Amino acid sequence: MICGRNCTEDLPSGQPLPFLQVSDNIRHILLRAFSQVRAFEASDVFMEILSRLFGSGSRVKVMRLFLFSPDKLYSAAEISKQTRLSGVVASRELKLLLRAGMIKKKVYVRHRLAGSLAGRFKVGRRSRRESLFALSSRFPFLMPLQNLLINSILLKDEDLIRRLGKTGSIKLIITSGVFIHRLDSVVDLLIVGERVKRALLDATIRSIEAEIGKELRYTILETSEFQYRISICDKLIRDVLEFPHRVIFDKLGLRSYSPHIALYQRPF
């Protein structure tokens, strides 16, 4: 149980760190850098530029995690797990971002029962302080950072196809949601294939999540199930195909399978 009444908030203090101390007009510099980066299609080149700008690729991962979920509280252990960074590296990046003012720390007190309910020991309550971190809404450079780190090419199509292709005989990959900057979409990935190794697919998805800094919503269907859902105008399939999406890999001939579903055509 988290007791919200017994909590304190440690707001960042001190001068901004050098990685954010670019110049007085940092907003314009970041926006200019963003427009230049968008010209690159290769995600590894993009990541290299960001790493040089902010000091390390691990910092970019942590910053993206907070920017994608501005209202969420994370413990250091959760950040380490979701970004696949070691505890030491994650703690180092958190300290840097905290001192820079991009994130804030809240200290909560957790209460739990202690002792034996059988009566051999006295039952009491133990308290433990836990530090949680969240994005600071008062940080003045949130908008340019969001443009630079979120509204950008998160992963090259060819890279996504290559990585998912190793999990089985993939027939169709449709991207939506975070990959096209539409967070209201029902899924981020729709995958159709045969003999897909679920454990390997889950590991691949977790690896991609750590890279882009956000948990992905994805659906995997066998070809026969996908064809059946198409034939009955299944709601999930309609919610994907009738709204903004991108077909990045198609061995099925999607149009021939969806005569009753209007594919979304307008550019987004």
Order these peptides, 227-233, 174-180, 241-247, by their mean beta-carbon neighbour count within 10 angstrom, highest first. 174-180, 241-247, 227-233
Do any of K105/K214; K61/K105; K166/K235; K106/K214; K81/K171; K61/K197 go past 24 Å between their Cα atoms, and which? K166/K235; K81/K171; K61/K197
On the principal axes of its Cα set, how long, how wide and how thick is segment 157-257? Give whole Å, largest value first. 36, 30, 20
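Any read-out appearing in this document is the output of simple, stated calculations on the displayed coordinates, not a laboratory observation. Every value quoted in this text rests on a predicted model; they were computed, and no experiment measured them. Cβ: placed from backbone, ideal geometry, glycine included. Neighbour counts: every protein chain shown.
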